[in-house]
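Please read the structure below before turning to the comments.
The values are calculated or read from the model by the stated rules, or taken from the named source; none is laboratory data. Just so you know, these numbers come straight off a predicted model, no measurement behind them. Backbone-built Cβ (ideal geometry, glycine too); neighbour counts: all protein chains shown. Areas reflect the complete protein model, heavy atoms only, side chains present, ligands, DNA and RNA absent. Shrake-Rupley method; radii C 1.70, N 1.55, O 1.52, S 1.80 Å.
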Amino acid sequence: MSAREAACPNCGATIRFENSVSLLVVCEHCQAGSYRRDVALESIGLVAQVAPIESEIALHASGTYAGRAFRVLGQVQLDHGAGPWNEWSLVHEDGSSAWLAEAQGQYLVTELVADAKPFAWEDVEVGREIDVAGRGGWVVAERGRATVTAVRGELPELVTPGEPRTYADVSGPDGGFGTIDFGARPAAPGSMSE
């Protein structure tokens with residue numbers, strides 16, 4: 001990982017992109033989000049503070065999962081009407097990204113499945129079995145819509161507070177878990193992370 005520094009477009013303070021693939025960073029001084037487009041930074045405005053949810057995870061913490069070291073670079077807080085939950089952006093030593101979700105007392109790590117075909121919203125009805133990259137046995141457990149309530153730290157994609165996120169959670173063989181992320185609208189093809 002190599003850090004890249006820039007001036008916050010909102011307040012001028014130094015902001016750091018620790019991972020070369022990160023696209024969004026929230027300034028620790030003014031709480032404004034900055035989105036990287038090519039070589040220029042674009043302010044997405046001030047972001048709300050995250051709600052205080054008890055968590056053992058924190059920004060800049062590090063650990064190991066499945067034999068791979070990681071560091072926590074960012075946090076997204078979402079709410080689907082029944083209370084907020086945290087999703088943490090992780091980066092591995094090789095620069096690849098993963099997500100760690102905290103939900104209902106569980107920690108769920110997902111990484112992009114590069115060879116998975118995009119899913120259509122109508123293909124992810126609860127209870128339906130789906131095929132993920134040639135592996136069957138995955139079943140849609142939940143589908144819904146949440147709202148991004150807050151972000152902080154550094155993220156590998158543009159995520160803005162107030163943005164809706166449409167998703168389908170799936171369970172798989174041997175206790176597997178995955179999420180199909182449709183982004184802001186279910187009409188978009190969903191990308192699979194497991």
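Given the protein chains as shown and a 1.4 Å probe, how many square angstrom of S62 are accessible, to the nearest 10?
90
P(r) for the chain: what percent of alpha-carbon pairs falls in each 5 Å bin, starting at zero?
So the P(r) values, bin by bin, are 1, 7, 15, 19, 20, 17, 12, 5, 2, 1, 0.
With 15 Å as the cut-off, how large is the P(r) tail for the stretch 139-188, expressed as percent of Cα-Cα pairs?
54
Hey, in the GNM for the chain with a 10 angstrom Cα cutoff, which one of G83, G74, G176 fluctuates hardest?
With Cα springs under 10 Å in the chain, the top fluctuation among G83, G74, G176 is at G83.
At R0 = 22 Å, how high is the FRET efficiency between V139 and Y65 if r is their beta carbon distance? Nearest 0.05 is fine. The partial results should precede the final answer.
Numbers: r = 24 Å, r/R0 = 1.09.
E(calc), rounded to 0.05, equals 0.40.
Only sites in a loop by DSSP and with at most 15 other Cβ atoms within 10 Å count here; which GluC sites (Glu not before Pro) in the stretch 46-95 make the cut? Before the final figure, lay out each step's value.
Working: sites: E54, E56, E87, E93; in loops: E54, E56, E93.
Taking the stretch 46-95 and a limit of 15 other Cβ atoms within 10 Å, the loop GluC sites (Glu not before Pro) found are E54, E56, E93.
Given a Förster distance of 35 angstrom, what is the FRET efficiency for A48 paired with A103, based on the Cβ-Cβ distance and rounded to 0.05? Don't skip to the end; give the middle numbers.
On the way: r = 20 Å, r/R0 = 0.58.
For A48 and A103, the calculated efficiency is 0.95.
Compute the Rg/Rh shape ratio of the stretch 78-122: radius of gyration over Kirkwood radius, all on alpha-carbon atoms.
Rounded to two decimals, Rg/Rh equals 1.05.
How large is the translational diffusion coefficient of the stretch 15-66 in µm² per second when you combine the Kirkwood radius over alpha carbon pairs with Stokes-Einstein at 25 °C and 0.890 mPa s?
187
When all protein chains stay in place, what accessible area (Å², nearest 10, 1.4 Å probe) is found for L46?
120
For a quick check, take a GNM of the chain with Cα springs below 10 Å and name the residue from A120, A66, A150 with the largest mean-square fluctuation.
Top of the fluctuation ranking is A66.
Using the heavy atoms of the protein chains and a 1.4 angstrom probe, tell me the accessible area per residue for the chain in square angstrom.
On a per-residue basis, the chain sits at 52 Å².
Residue by residue through the stretch 60-77, what is 3J(HN,Hα) from phi via Karplus (6.51 cos²θ - 1.76 cosθ + 1.60, θ = phi - 60°)? Round to whole Hz and write x for glycine and proline.
Once rounded to whole Hz, the list reads 6, 5, 9, x, 9, 9, 6, x, 10, 6, 9, 9, 7, 9, x, 9, 10, 10.
How large is the translational diffusion coefficient of the stretch 83-166 in µm² per second when you combine the Kirkwood radius over alpha carbon pairs with Stokes-Einstein at 20 °C and 1.002 mPa s?
Once the numbers are plugged in, D ends up at 143 µm²/s.
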